[in-house]
1. Multiplying the sequence separation of Arg149 and Leu205 by 0.36 nm and subtracting their Cα-Cα distance, what value in nm do you get?
2. Could you work out the local net charge near Val79, counting Lys and Arg as +1, Asp and Glu as -1, over the other residues with Cβ closer than 12 Å to its Cβ?
3. How far is helix 410-421 tilted off the main Cα axis of the chain, in degrees rounded to 10, range 0 to 90?
4. Nearest 500 deg cm²/dmol is fine: what mean residue ellipticity at 222 nm does the chain get from its DSSP H runs of n ≥ 4 alone, each adding -39,500 (n - 2.57), divided by its residue count?
5. Rank these residues by their accessible area, most exposed first, probe 1.4 Å: Ile433, Ile426.
6. Take the alpha-carbon positions of the range 164-237, form their convex hull, and give its projected area averaged over all directions (one quarter of the hull surface) in nm².
7. Measuring with a 1.4 Å probe in the full set of protein chains, what accessible area per residue, in whole Å², belongs to the chain?
8. Can you pull the three principal axis extents for the Cα set of the range 1-76, in Å, largest first?
Amino acid sequence: RYSDFVVHEIGKDGRVSHLDDFSVPVDDEDPSEETFTVLSDEDKQRLEELQLLKNKETSVAIEVIEDTKEKRTVIHQAVKSLFPGLETKTEDRDGKKYIIAYHVAGKKALANPRKHSWPKSRGSYCHFVLYKENKDTMDAINVLSKFLRVKPNIFSYMGTKDKRAITVQEIAVLRITAQRLAHLNKCLMNFKLGNFSYKNHPLKLGELQGNHFTVVLRNITGTDDQIEQAMHSLREIGFINYYGMQRFGTTAVPTYQIGRAILQNNWNEVMDLILKPRPGAEKGYLVKCREEWAKTKDPAAALKKLPVKRCVEGQLLRGLLKYGMKNIISAFGIIPRNNRLMYIHSYQSYVWNNMVSKRIEEYGLRAVPGDLTLKGATAVHIEEGDVDNYTIHDVVMPLPGFDVIYPKHKIGEAYKEMLVADSLDINNMRHKIRDYSLSGAYRKIIIRPQNVNWEVVAYDDPRIPLFTTDLDKLEGKPLPVLPTDGKFRALKMEFSLPPSTYATMAIREVLKMDTSIKNQTQLNTTWLR
């Protein structure tokens with residue numbers, strides 16, 4: 001159950017993010033609460049169409065019911081603050097007062113709507129805590145930006161969090177008031193926003209210290225001794241810092257294969273891997289789109305089969321339609337940069353996982369001469385003479401790139417061989433398209449989680465949650481009452497991990513079990529039978 005996997009971000013000051021306050025910082029400059037409720041949904045619809053020039057009308061008239069000066073002021077305020085780029089004036093028609101909304105000086109004004117008067121004294125960025133259920137961070141931001149009618153790129157965050165989970169993280173957004181954000185709590189499912197504050201800076205990817213995980217493993221069969229042993233081992237020894245299976249995608253075409261084709265500069269293969277028919281469960285319209293593509297190689301015909309154009313397939317087909325089949329590179333460039341880079345990062349991760357398995361198989365869990373370790377941010381080789389000053393916890397291994405060095409033992413050669421087998425040259429990881437050049441990085445091979453705690457609890461009903469979330473606490477829900485001798489046993493565990501370290505891999509170590517998507521899906525279906 002996604003509610004059995006809870007993630008709290010740990011900020012750069014070491015504080016764990018929690019959603020525990022819905023209050024809005026009050027500011028004399030804020031419009032009154034009424035501005036959000038004074039316009040009917042129908043008015044808002046008409047105003048949005050006017051604002052986005054979606055219909056031929058040049059103005060929208062709103063009848064003022066129960067006319068007072070105050071009421072008119074509130075309507076003027078509401079239109080201007082919720083629909084930047086529109087101006088308003090009051091008119092009498094047949095003895096009734098109407099407020100007329102219209103565009104400021106034609107189309108030009110929309111491109112640069114007068115910035116809402118943003119007080120000088122207030123930080124330009126509203127920071128808030130986002131609590132989300134069963135949505136990934138990018139999706140969540142797309143939904144928020146749709147409701148706020150803004151571009152998604154005014155949001156910033158320190159890390160993307162798992163989809164199949166309940167996660168709590170900090171987000172910053174440029175010049176949107178806490179009041180407007182708080183208003184979204186009324187209309188959004190699966191999200192809550194709170195803990196608002198104004199600051200002068202956005203957030204940057206990777207600025208976090210890590211994440212704190214609370215995980216419930218249900219229906220366990222091991223003895224208490226086995227559990228103690230596994231959890232002690234996790235705390236004292238740690239686990240291999242593999243990239244989790246989710247890094248390689250959940251479909252029949254692993255993302256690292258597409259990444260490899262990009263690095264090989266084999267663009268026909270990239271196109272083919274993304275668009276060709278593939279085994280496994282997919283939405284019906286995607287299957288039809290792929291069949292059409294295989295048959296006709298006609299981007300327009302394949303696009304017709306797609307009701308949703310926002311998926312990677314749709315974006316690539318749009319690109320091919322725009323730039324033609326001879327220019328796949330530009331067509332592929334239509335896919336958002338983060339998604340494009342995800343493919344090549346996935347290939348790096350695939351190499352890293354393989355090399356680490358080889359390294360541990362070959363030399364075990366101790367530091368050996370020729371291993372790499374970090375001095376500050378620089379990697380150095382461990383020399384024969386001081387190998388005793390190091391343990392496996394000091395050892396790092398490189399993600400392949402043009403700016404890293406490799407171990408001096410057998411594994412250094414193994415990297416070269418693996419890349420040669422993929423028709424790549426380890427000494428030339430620069431790509432003629434600068435975006436696809438890989439500089440590489442270093443990653444610890446063993447991670448010891450911090451703050452490890454666990455307990456075994458009994459339960460009868462698999463649908464009853466075994467702990468309270470931030471939202472439960474805010475809503476005053478009581479702790480679940482658990483039977484003393486339930487039919488099933490569950491292991492509740494919590495631990496903290498550094499950024500880009502996968503909780504799924506820590507859990508795999510505790511369970512000694514396969515975490516691939518295929519295996520996990522089968523587990524789920526057998527357990528539910």
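1. 17.8 nm
2. +2
3. 60 degrees
4. -10000 deg cm²/dmol
5. Ranked from most to least accessible, the order is Ile433, Ile426.
6. Averaged projected area of the range 164-237's Cα convex hull equals 8.4 nm².
7. On a per-residue basis, 53 Å².
8. Computed over the Cα atoms, the extents are 51, 32, 25 Å.
The values are calculated or read from the model by the stated rules, or taken from the named source; none is laboratory data. As the structure is a computational prediction, the values presented were derived from the model and not from experiment. A quick note on method: Cβ atoms are made from the backbone with ideal geometry, for glycine too, and the neighbour counts reach across all protein chains shown. What goes into the accessible areas is simple: the full protein's heavy atoms, side chains included, and nothing from ligands, DNA or RNA. Shrake-Rupley method; radii C 1.70, N 1.55, O 1.52, S 1.80 Å.
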